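Trainee: My questions will all concern the structure given below.
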């Protein structure tokens, strides 16, 4: 399931889905060790993607008002 599929989801549920999609090991029960460096790289990538999406949404909003 992706965030866009269910508009009735709460913010917490949407964040959980997003985290488990981006970091599949979060939803695992086996508690296998995870590399800290890989995690930081994944978080940095996610941060960049979200910033890009926000900038795109902001610029699209400005264009639609003109």
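Trainee: Quick one: helix 36-65 against the long Cα principal axis of the chain, what's the angle to the nearest 10°, folded into 0 to 90?
Mentor: 10
Trainee: Quickly rank 45-52, 12-19 as a protection proxy: mean count of other C-beta atoms within 10 Å, highest first.
Mentor: Ranking, from highest mean packing down: 12-19, 45-52.
A short reminder: the numbers here are calculations on the coordinates, not readings from a lab. In this text the structure is predicted, and so the values were computed from the model without any measurement. For neighbour counting, all protein chains shown are included, and Cβ atoms are generated from backbone atoms with ideal geometry for every residue, glycine included.
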